[in-house]
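The structure appears below as structure tokens.
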Amino acid sequence: MIFRKYILNRAIATSVVGLLVAGCSDPEGDGYSTPTSLCGITVPAEALNPVLPDGDSISARPASSAYNKRCRLLIDAKPVFSAAVEWWGSSTTLQRVATDAIGVDPYDRATPDRKYIYSSTGAVGAVDCPNQKDLKGKIFVSVRTTHSTTEEKMKKLITSYSASVATSKECTRKWGEVQ
């Protein structure tokens, strides 16, 4: 009986300490500076910061191939966010991209112009490359989080990220060329 009481008291004490620690953060809400780019693609901090959880440190892990560029963000060494720029065939639809994306479904919310599909955990968007008319494919972007945020925050992020990709080197490189 004494042993069970000890275990119960220890569990309660651990829970209280855990709640107190979880509620503590620096005055800005996190201990790291929000990046202004996702592995080389500029993104406004005011669009990225609201979808990232609090933590003490942040780092990025880029990965690229001929047809995609990925950027994973780790907070306190745990993966919490991923963004991708992907080249697809010229007949690919946004709904098709959403089918393969994690955190978003082809039937989630879409903008009236059907350029973006988004949920509280992910989003996809079509990129219009203004100065490149002879692309052999289409460029799409996707973002996802490991935790839920709001649909509106994800919509703001995917539209900002798509606009940044449209003005980046991604819109000027050749199909299949690794950067």
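The values are calculated or read from the model by the stated rules, or taken from the named source; none is laboratory data. This structure is a prediction, so every number in the text was calculated from the model and none was measured. Cβ placement follows ideal geometry from the backbone for every residue including glycine, while neighbour counts extend to all protein chains displayed. These area figures cover heavy atoms from the full protein model, side chains too; ligands, DNA and RNA do not enter into them. Shrake-Rupley method; radii C 1.70, N 1.55, O 1.52, S 1.80 Å.
Here are the numbers:
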{"read-out": "Subset of segment 148-164 (residues that are within 19 Å of residue 75 (Cα to Cα) and open to solvent by less than 50 Å² (accessible area, probe 1.4 Å))", "value": "149, 154, 157"}
{"read-out": "Residue that is nearest to residue 136 (Cα to Cα) [pool: residues in segment 71-105 that are under 11 Å from the mean Cα position of the chain (by Cα) and open to solvent by 70 Å² or more (accessible area, probe 1.4 Å)]", "value": "102"}
{"read-out": "Counted residues, segment 131-179 - those being within 19 Å of residue 119 (Cα to Cα), among the polar types (S, T, N, Q) and either touching a Pro at 6+ places or on another chain (Cβ under 9 Å) or modelled with pLDDT under 95 (or both)", "value": "6"}
{"read-out": "Condition broken by residue 114, with the remaining ones in (1) within 15 Å of the chain's Cα centre (by Cα); (2) without any contact (Cβ under 8 Å) to a residue 24 or more places away in the chain satisfied", "value": "(1)"}
